[in-house]
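The values are calculated or read from the model by the stated rules, or taken from the named source; none is laboratory data. No experiment lies behind these values; they were computed from the predicted model shown. All Cβ positions, even for glycine, are placed from backbone atoms using ideal geometry, and neighbour counts span all protein chains on display. The protein model used for the area step is the full one, side chains on, heavy atoms only, and it has no ligands, DNA or RNA in it. Shrake-Rupley method; radii C 1.70, N 1.55, O 1.52, S 1.80 Å.
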Amino acid sequence: GPNATDDDWETRTTVTSVNLTQLLAAMQMGQPAPMGAFVTQAATGAQVTGAIIIRMGDNGRKYALIGGSNFIGDYAGNTPFLNLYSEKAQLFDADVSITTPYKTLEGSTLHRRDMNALPMTYPDGQGGTMTGFAIAGGVFQNGFFIWRNPLSYRDGDKNVTDELFFEQRMNQYEAGALSFYSETDDENRQVLFGGISESRWENDMFVSDPVVPWVTDITQIRVQGGMYLDETVIGNTPLPTTNAHTVIAEGIPTYPNGQINLDAMPANEVLIARLPGGLRAAEPAGTPMTFASGDVYEIYATYGVRGDINRDGVVNGSDLAELLANWGSTATVPDLQFDGVINGADLATLLALWGNDTPG
């Protein structure tokens, strides 16, 4: 925001807490937001812009403030500016302090801003799991070069781990993102919704592009047992989008760290999240016309085969038996209508999908 003399721009050293209950009540009554709904505290570590904050920890009360820079001056470059990267990830426990980190991770590989960072679940080496996060790509290293190597952190590690044996080829710049976890498969899935990319997807292959174009490709990165497996293109957004954050839909099964629980997903297509606002580009291109967007995209997903309640790859009598065994309950997976109860509507959907063995 503007500095004290209102003649330049600066990155603030404060954290502002917002009482959402008071704010919502004022909005619904058409009244100005009460000043008491906002409490600002000094926090030197918060002097970063372009950073990402994510939830982590089994109780959902731990957070990581990752990367970013202390930017001073005009971003348009009309006047001289300073852009000092923090090269840090600061970990906070909201039950202790939202202004003082309990741990700070540092290093040159954290020289990143406007990246995609996501909560993750990792093996703990003793047959269980632990939470942490992954930093998927990011900008910029050595001038205008894109970071290809993700970083990972497991709660309790001394620092982040550079995943040197895996290269992320697309969607390194901050865009809509979702993180999924399957306990059954011990698999994390990071889904990134387009944005600005080091590569293009062309003729079924990744093609490096030094222009760093805006793209619409939706990519998925799979991490199984803590090991990076692959990166694939799974769809497209209507327009290239950056600097927007996904909001998970009500009722979607999630873990305390905010990951979507794949094992508890209904066996049908459901609304899983919304993607509001952000920056849009008029088309996929290197230097397209861009604009601030007031659109809200809805994101739907199907995990596996529609109607396949027992996840064996086909809709048949076994699925019918499981649906009937859960009749009248609120179990998630057999709830094909995702309306909170298993009843005749779910039975009708199952019968309409009978014999289906096609994923998606």
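Brief remarks follow.
- Scoring Ala267 on the criteria (1) touching an Asp or Glu at 6+ places or on another chain (Cβ under 6 Å); (2) without any contact (Cβ under 8 Å) to a residue 24 or more places away in the chain leaves a single failure, condition (2).
- Across region 15-60, the number of residues qualifying as in contact with a helix residue (DSSP H, G or I) (Cβ under 8 Å, 6 or more places away or on another chain), under 28 Å from Gly73 (Cβ atoms) and surrounded by 14 or more Cβ atoms within 10 Å (Cβ to Cβ) comes to 1.
- Scanning region 211-260 for residues that are open to solvent by 40 Å² or more (accessible area, probe 1.4 Å), part of a loop (DSSP other than H, G, I, E, B) and within 17 Å of Glu187 (Cα to Cα) gives Tyr255, Pro256.
- Test: Gly304 is within 16 Å of Ala264 (Cβ to Cβ), surrounded by 13 or more Cβ atoms within 10 Å (Cβ to Cβ) and in contact with a strand residue (DSSP E or B) (Cβ under 7 Å, 6 or more places away or on another chain): yes
- Looking across region 137-161, the residues that are open to solvent by 10 Å² or more (accessible area, probe 1.4 Å) and part of a loop (DSSP other than H, G, I, E, B) come down to Asn142, Gly143, Phe144, Trp147, Arg148, Asn149, Asp155, Gly156, Asp157, Lys158, Asn159, Val160.
- Residue that is nearest to Asn268 (Cα to Cα), among those in region 336-360 that are charged (D, E, K, R) and modelled with pLDDT of 95 or more: Asp346
- Residues that are more than 19 Å from Leu262 (Cα to Cα) and basic (Lys, Arg) within region 175-232 comprise just one, Arg200.
- Per the listing Asp346, Asp312, Asp308, Asp295, the residue uniquely farther than 25 Å from Asn188 by Cβ, charged (D, E, K, R) and over 25 Å from the mean Cα position of the chain (by Cα) is Asp346.
- Subset tally (residues that are surrounded by 13 or more Cβ atoms within 10 Å (Cβ to Cβ) and either among the aliphatic types (A, V, I, L, M) or not in a loop (DSSP other than H, G, I, E, B) (or both)) for region 325-344: 5
- Residues in region 118-134 that are among the aliphatic types (A, V, I, L, M) and at pLDDT 95 or above: Leu118, Met120, Ala134.
- The criterion of at least 1 residues that are in contact (Cβ under 8 Å) with a residue 40 or more places away in the chain and over 20 Å from Val160 (Cβ atoms) is met, among strands (runs of 3 or more DSSP E) falling completely within region 64-136, by 69-72.
- Residue identified as out of contact with any Pro (no Cβ under 7 Å at 6 or more places or on another chain) and modelled with pLDDT of 95 or more among Val223, Val215, Val139: Val223
- Scan of region 121-162 for residues that are in contact with a helix residue (DSSP H, G or I) (Cβ under 9 Å, 6 or more places away or on another chain) and aliphatic (A, V, I, L, M), ordered by number: Ile135, Leu151, Val160
- A Cβ distance below 7 Å, combined with a sequence gap of six or more or placement on separate chains, defines the contacts here; from region 29-50, residues that are more than 15 Å from Val18 (Cβ to Cβ) and touching a residue at least 24 places away in the same chain (Cβ under 8 Å) reach residues that are open to solvent by 80 Å² or more (accessible area, probe 1.4 Å) and not polar (S, T, N, Q) in the pairs Gln47/Arg12.
- Filtered residue count, region 165-189, keeping only those that are surrounded by fewer than 24 Cβ atoms within 10 Å (Cβ to Cβ), polar (S, T, N, Q) and not in a loop (DSSP other than H, G, I, E, B): 1
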